[in-house]
Amino acid sequence: MQFFPTSSFAPPESLRLRRDRAERILNALRAVVVFLLTASALMYAPHLSQTLNTANVLVLGPMLLWTVAQYLIWYRRPELPDWLSAVNPIVDVTAVTAIIGGYAVAQSGVLALRSPIFLMYFVVLAGRPVASSVRKAALISVLAFAEYLALLVWLWATRRVPLVIDPIDAVRLARITPLDEAAKLILLGVFGTVSTYATSWVEHLVREASKESAERQRVVTRLVQSELDTLKLQLNPHFLFNALNSAMALIATDPPAAERMVSELSDFLRLVLSTSSEQEVPLERELGLLDRYVAIQRVRFQDRLTVSCNIEDGVRAALVPSLLLQPLVENAIRHGISPRAGAGYVQVTARRLGDKLSITILDDGVGVRARRSRERSRGTGLGLTNTITRLIHLYGDSHEFESGPREEGGYAVRIMIPFKLGHLSPGRNGGPTDSKLATAVQV
């Protein structure tokens with residue numbers, strides 16, 4: 001079991017931005033502390049010895065310049081340099097050590113070790129979980145412990161600190177006891193360990209949250225994909241049921257026509273199955289499917305319905321939802337044209353409007369009231385409903401769908417989706433589509 005996980009971890013964008021914001025806040029606090037210390041040093045300068053004033057200048061001067069330089073050089077950037085989160089605490093820890101050592105040289109080791117500036121080690125370590133990685137936090141913790149230990153060894157080796165064992169005598173005689181300094185080292189080591197573990201824990205939580213978020217996104221994607229597949233699978237038996245009913249109706253009266261319809265239906269289903277795994281296909285392939293559907297209708301209804309396509313140059317390779325056109329054209333024929341006594345037409349138009357693809361299916365059928373009444377009586381709103389649902393899943397707010405009566409009579413469906421180019425495969429659709437769709441089929 002590893003106390004601090006060492007597996008490679010690339011922090012997500014959110015964690016990097018939060019660490020950058022935390023580093024900026026810590027830098028602001030550092031600036032406030034340095035300016036306060038500088039102001040205090042200036043106030044006490046007349047009452048301090050020359051050597052103490054020199055120590056303050058040698059430590060606070062570079063710290064002040066470094067703090068101001070950061071704001072001038074890097075703070076206008078969107079993100080601070082990554083190395084700054086390691087350099088700043090190293091500078092801070094070293095500055096605290098330098099101040100304690102400077103006071104020991106300028107005045108006395110007892111004054112230096114009893115100075116509250118020692119607490120700044122803990123302040124620096126406290127900021128590590130919010131601004132650093134585990135490795136950086138461990139580095140700063142070890143550095144703080146090592147620098148203070150080295151400082152103590154130097155002070156004792158140079159006899160700048162008189163030692164006594166009894167803590168009472170240490171206070172009374174202005175001495176230092178090794179037990180107190182050992183306790184300070186232990187506290188520094190414990191706090192550094194806690195700081196490093198807290199940093200590790202933060203990274204662990206972020207890692208788990210990122211994994212869970214990614215897994216939730218994968219589940220949502222699979223659910224949406226499954227729903228789209230279900231909607232597509234619903235369209236196939238829906239159309240197949242209608243086509244087989246038409247073929248059965250022709251068996252008794254016109255067996256050759258029924259045979260041709262079954263043959264065309266076979267070609268249609270072969271093309272549908274070839275695109276069963278794709279949610280979007282080039283418009284050209286959709287026109288090929290529509291051509292097969294019109295051929296099936298031609299066998300049954302002869303020459304009383306005209307189905308025509310008006311496709312703008314350059315949009316045949318545009319991606320559209322698979323099985324988009326056939327259900328909408330079928331709705332137009334079954335619920336708009338079939339109920340009327342005379343001939344009628346259905347027109348499919350596709351053109352590019354800026355970064356959008358506009359598709360229109362219109363007819364001159366019975367109109368909206370009779371259409372709704374016919375849909376309720378037959379329960380056949382599946383094609384239109386599924387088309388709307390699939391458009392929402394595929395494009396969200398990036399699509400438009402309108403349907404309603406036309407002023408000159410009939411019904412129209414208008415769709416706007418993002419214009420995206422796919423790849424055409426001319427041989428896959430069984431030849432051109434325009435020539436057949438321009439022919440007439442009548443009910």
Is the stretch 46-155 rounded, prolate or oblate when judged by the Cα gyration tensor, a ≥ b ≥ c being the square roots of its eigenvalues, rounded requiring a/c under 1.5 and prolate requiring a/b larger than b/c? oblate
Leaving out same-chain residues fewer than 8 places away, which aspartates and glutamates sit with a Cα under 15 Å from that of residue 211? 13, 203
For residue 307, distant residues with modelled amide H under 5 Å away: 346, 441
Residues of type aspartates and glutamates that residue 356 reaches as a straight line, Cα spacing below 12 Å, ignoring anything fewer than 8 places off in the same chain: 400
If you plug each phi of the stretch 185-201 into the Karplus form 6.51 cos²θ - 1.76 cosθ + 1.60 with θ = phi - 60°, what whole-Hz ³J(HN,Hα) values come out, in order, with x for Gly and Pro? 5, 4, 4, 5, x, 5, 5, x, 5, 4, 4, 5, 5, 4, 5, 4, 5
Two-decimal log10 I(q)/I(0) for the stretch 175-221, as the Debye equation yields it once each C-alpha is a single scatterer, q = 0.19, 0.31 Å⁻¹: -0.69, -0.97
Starting from the Cα of residue 184, draw a straight line to each of the aspartates and glutamates and keep only those under 18 Å, dropping any in the same chain fewer than 8 residues away. 147, 166
Sort 335, 399, 423, 393 from largest to smallest accessible area, using a 1.4 Å probe on the heavy atoms of the protein chains. 423, 393, 399, 335
Between the stretch 14-52 and the stretch 306-357, what is the separation of their alpha carbon centroids in Å? 71 Å
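The values are calculated or read from the model by the stated rules, or taken from the named source; none is laboratory data. All values reported here derive from a predicted model rather than from experimental measurement. Surface accessibility is based on the protein's heavy atoms, side chains included, excluding ligands, DNA and RNA. Shrake-Rupley method; radii C 1.70, N 1.55, O 1.52, S 1.80 Å.
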